[in-house]
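Worksheet: one structure, shown below.
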Amino acid sequence: MSIEDYFTTGWTAKKNTEAVDSGGAVTDTLSTDTSIGTAGVFSACKRQLSGRELERYAKKEYEEVYRIYTTTSGFTVKHWILDTDSLLWNVVNVNNPHDLDEFYQIDVVRSDFERENE
C-alpha cells in the first residue's frame, strides 16, 4: 500500500493576485493556479496535526492546522489550496521528505482570511 492509495481527486491550487486601484487601495483576488497539477486540480489527502507538531505554528489566529500529502509539485507558501469540501487553506510550509520527490507534505492553516474568502 502506498500513500497515493489515500488520495482523493478534486483539490485545487490557488494563487493570490494583487491589484491596486487609482486611489492606491490594494485588493487581493484568489484564482486557480493552472501551472500546478492538471489545470490547477490535483489529488491529495490531509490529516490534522497533533499537538506536538503544532508548536511551530502556535499563533492565536490559527484555529485549524492540517498537513496535506500529494505527489504534485510546485507549491510555495504563496499558495492557497481549496480542498474537496470547498474549504480554503493557506500554505505555510512545503516539505519534500528526504528530497526524494516521491511526495510532498504541505502544512496548511485556516484563519479569518480563508474563512471570509470561501
Can you tell me how much longer the chain between THR38 and TYR6 gets when fully stretched, taken as 0.36 nm per residue apart minus their C-alpha distance, in nm with one decimal? 9.6 nm
Just checking my list (1) 7.3; (2) 7.8; (3) 8.7 against mean projected area of the Cα convex hull in nm² computed from this structure; which label fits? (3)
Extension gain, ASP112 back to THR29 (0.36 nm per residue minus Cα-Cα distance, nm): 28.4 nm
If exposed means trypsin sites (Lys or Arg not before Pro) lying in a DSSP loop and surrounded by at most 15 other beta carbons within 10 Å, then the longest stretch of the chain lacking such sites spans residues 1-58
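Every read-out reported here was derived from the displayed coordinates using simple, explicitly stated rules and does not represent laboratory data. What you are looking at is a predicted structure, and each value in this text was computed from that prediction instead of being measured. As a convention, Cβ positions derive from the backbone with ideal geometry for all residues, glycine included, and neighbour counts pool all protein chains shown.
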